[in-house]
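No lab work stands behind these numbers, since they all come straight from the coordinates. Only a predicted model underlies this, so the values are computations on that prediction, with no experimental measurement involved. Here the Cβ is made from the backbone with ideal geometry for all residues, glycine too, and neighbour counts use every protein chain on show.
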Amino acid sequence: MAKKTIADVDVRDKVVLMRVDFNVPQEDDGSITDDRRIRMALPSIESVLARGGKLVLMSHLGRPKGKGVEPAYTLRPTAVRLGELLKKSVAFATDTVGDSAKATIAALKSGDVCVLENVRFNAGESSGDSTYAGILAGWADIYCNDAFGTCHRKDASMVAVPKAMGSKPKVSGFLVAKEIQYLSDVLANPERPFVAILGGAKVSDKINVINNLLGICDKVLVGGAMAYTFSLAQGGKVGKSLVEPDKVELAKSLLAKGGDKLILPVDTHCGDAFKGDCNKKIVAAGEIPDGWEGLDIGPKTAALYADIVRKSKTVVWNGPMGVFEMAPFDEGTKAVANAVAESTATSIIGGGDSAAAVEQLGYADKVTHVSTGGGASLSMLEGERFEAVDLLDEA
Ligand code: AMP
């Protein structure tokens, strides 16, 4: 699935239309609270500018209605922030396919960069409209996709635009290339033993991931509240733990499919209330008393999972082992994160909460890859193919 990257094309004096993910968290007044997504796109951006390309950046921000400009979702602050990071002026177009975009792009000199306004201000973005995409594609000589977090979507800027580029180069940016390398290529050809660790709140969110990974992993370790629905399926007592009674039958079928590949907790760290200073006790799995709820895996489970991780050659992790935001129920997640960080395995952390947990606990630089896409990395773990990636030129 290796794709050409932006490094493989000659960009000098060419207009490069790059889809980035500048969907940054903001305060009500528009100030950016976390510019990580902008900083992560810098390698691809700088690669084009350093080689004398004319760079046009497009992105979505939030969920505007698609009926024109909504000030709360303007990308202008991201253009300002990018200018500060690049230490150069960044032009801003107040539309995507109108006169402002046309004039702004025409004024670009080699090594210049502009940001177009939010692609979702136009209804054509979410509907994947080919007329809208045709105008966007018409701005450029080269298309580059560096927006991994949106790769599982069929928005115009992700799918219809590269289609409309026809035979012009369509490449991945460095972020997308790295995500494909780990979430697709490593998973397709893992060094074994290959272990998946799955946690989080709901089994219903991860059914397809569990199904897919049971097919390709040697072991799938389950933690988080998800484990209690499996416990219920085995006739266990779950007290007032977070469970999905309507998913018990499904859990039974996953247990049958998984056999001894599917590993469940052996003990549970419980509390009598959903707060850090509640009364606590550790009980055997399936023996959570009435009035108590499971909030983390217990120490025996943490040791068992850490041991399995230590013996693995490839680890994929998605979802915390407990309520990691609330000490001491972060201990199970910490123990597993520590084992992943210390292991010599290729370790891939799925986006969303597990990425946040690994970062919060200070292990981000001790793992091989932390995925940037929540929904997108989950879709890749489900084995889904992305049209937005398939459309890019083969290396
Ligand atoms: P997810 O988005 O499905 O990965 O779920 C992450 C969330 O699951 C985090 O906010 C955790 O606090 C929560 N979670 C994990 N284990 C439990 C648990 N035993 N009880 C309640 N919530 C949990």
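Sticking to Cα atoms, compute the Rg of segment 227-269 to one decimal and its Dmax as the biggest Cα-Cα distance, whole number, in Å.
When restricted to Cα atoms, segment 227-269 yields Rg and Dmax of 10.1, 28 Å.
Restricting to Cα atoms and excluding each atom paired with itself, what does the Kirkwood estimate give for segment 139-285 in Å?
The answer is 18.4 Å.
Within 9 Å, Cβ to Cβ, of Cys270, how many net charges do the neighbouring residues add up to if Lys/Arg are +1 and Asp/Glu are -1?
Net charge in that neighbourhood comes out at -1.
Quick one: if you take sqrt(5λ) for each eigenvalue of the C-alpha gyration tensor of segment 240-326, what semi-axes come out, biggest first, whole angstrom?
The equivalent ellipsoid of segment 240-326 has semi-axes of 23, 18, 12 Å.
If I histogram all Cα-Cα distances within the chain using bins 10 Å wide from 0, what percent of pairs lands in each bin?
P(r) over the chain, rounded to whole percents: 5, 22, 27, 21, 16, 7, 1.
Taking 19 Å as the cut-off for C-alpha to C-alpha distance, list the pairs among Lys202/Lys300; Lys54/Lys87; Lys178/Lys366 that go past it.
Pairs exceeding the cut-off: Lys202/Lys300.
If you count the DSSP beta bridges with both ends in segment 6-175, what percent of them are antiparallel, to the nearest 5?
Approximately 10 percent, going by the DSSP bridge assignments.
Taking every pair of Cα atoms in segment 314-366, average 1/r, invert it to obtain the Kirkwood radius, and report Rg/Rh to two decimals.
0.93
Given the Cα-Cα distance of Leu255 and Glu359 and 0.36 nm per residue of separation, how much length would full extension add, in nm?
34.3 nm
Show me the ranking of peptides 176-188, 261-273, 241-253, 294-306 by mean Cβ neighbours inside 10 Å, starting with the highest.
In descending order of packing, they fall as 294-306, 261-273, 176-188, 241-253.
Quick one: go through segment 40-74 and flag any residue whose amide nitrogen is under 17 Å from the point 7 Å out along the Cα-to-Cβ line of Ala123.
Answer for segment 40-74: 64-70.
Say R0 is 25 Å: what FRET efficiency, to the nearest 0.05, do Lys65 and Ser130 get from their beta-carbon distance?
It comes out at approximately 0.75.
Along its three principal axes, how long is segment 182-381 when you only count alpha carbons? Whole Å, largest extent first please.
Largest first, segment 182-381 extends 46, 35, 29 Å along its Cα principal axes.
Taking the convex hull of the Cα atoms, report for segment 6-175 its projected area averaged over all directions, in nm².
8.5 nm²
Please list, in order along segment 35-43, the HN-Hα scalar couplings obtained from phi with the Karplus expression 6.51 cos²θ - 1.76 cosθ + 1.60 (θ = phi - 60°), rounded to whole Hz, x for Gly and Pro.
Values, residue by residue: 9, 3, 5, 5, 5, 5, 7, 4, x Hz.
What is the spin-label model distance, in nm, from Ala284 to Val248 if the labels are put 7 Å beyond Cα along the C-beta direction?
2.1 nm
Helix 207-216 versus the longest principal axis of the chain: what is the Cα-based angle in degrees, 0 to 90, to the nearest 10?
So the inclination is approximately 80 degrees.
Output wanted: per-residue J couplings in Hz (rounded whole) for segment 250-266, from phi through Karplus 6.51 cos²θ - 1.76 cosθ + 1.60, θ = phi - 60°, x for Gly and Pro.
Ordered by residue, 3J(HN,Hα) equals 5, 4, 4, 6, 5, 4, 5, 5, x, x, 7, 6, 8, 10, 10, x, 9 Hz.
Two-decimal Rg/Rh of segment 265-314 from alpha-carbon positions, Kirkwood Rh?
Here Rg/Rh amounts to 1.10.
Using modelled amide H (1.01 Å from N, peptide plane; none on Pro or chain starts), what sits under 5 Å from the amide H of Ile263, excluding residues fewer than 5 places away?
Those qualifying (amide H under 5 Å, at least 5 residues apart or on another chain) are Val220, Leu221, Val222.
Counting other Cβ atoms within 10 Å, keep those with at most 15, restrict to DSSP loop, and tell me which GluC sites (Glu not before Pro) in segment 276-364 are left.
Glu325
Which part of segment 1-34 falls in the paramagnetic zone of Asn189, meaning amide N under 14 Å from the point 7 Å along Cα-to-beta-carbon?
Zone members listed by number: 1-3.
If I histogram all Cα-Cα distances within segment 160-240 using bins 5 Å wide from 0, what percent of pairs lands in each bin?
For segment 160-240, the pair-distance distribution reads 3, 12, 15, 15, 14, 12, 9, 9, 5, 3, 2, 1, 0.
Tell me, what is the percent relative contact order of segment 182-381, built from C-alpha pairs under 8 Å that lie six or more residues apart?
Averaging sequence separation for qualifying contacts and normalising by length gives 22 percent for segment 182-381.
Taking Lys311 as the anchor, which lysines have their alpha carbon closer than 16 Å to its alpha carbon, excluding any fewer than eight residues away along the same chain?
The reachable lysines, counting only those whose Cα sits under 16 Å from Lys311, are Lys219, Lys261.
Quote the relative contact order of segment 237-290 in percent (integer), defining contacts as alpha-carbon pairs under 8 Å separated by 6+ residues.
After rounding, I find 45 percent.
Enumerate the lysines that Lys65 could reach by cross-link, defined here as Cα to Cα under 21 Å, with residues fewer than 8 away along the same chain left out.
Candidates past the 8-residue exclusion: Lys154.
Using 0.36 nm times the number of residues separating Lys88 and Lys109, minus their current alpha carbon distance, what extension gain do you get?
6.2 nm
If N is the number of residues in segment 1-47, what value comes out of its Cα radius of gyration divided by 2.2 N^0.38 Å?
Dividing the Cα radius of gyration by 2.2 N^0.38 Å gives 1.49.
Using each residue's phi in segment 21-30, evaluate 6.51 cos²θ - 1.76 cosθ + 1.60 at θ = phi - 60° and report the 3J(HN,Hα) Karplus result to the nearest Hz, with x for Gly and Pro.
10, 9, 7, 8, x, 9, 6, 4, 7, x
Any chance you could give the angle, 0 to 90 degrees and rounded to 10, that helix 331-342 forms with the longest Cα principal axis of the chain?
60 degrees
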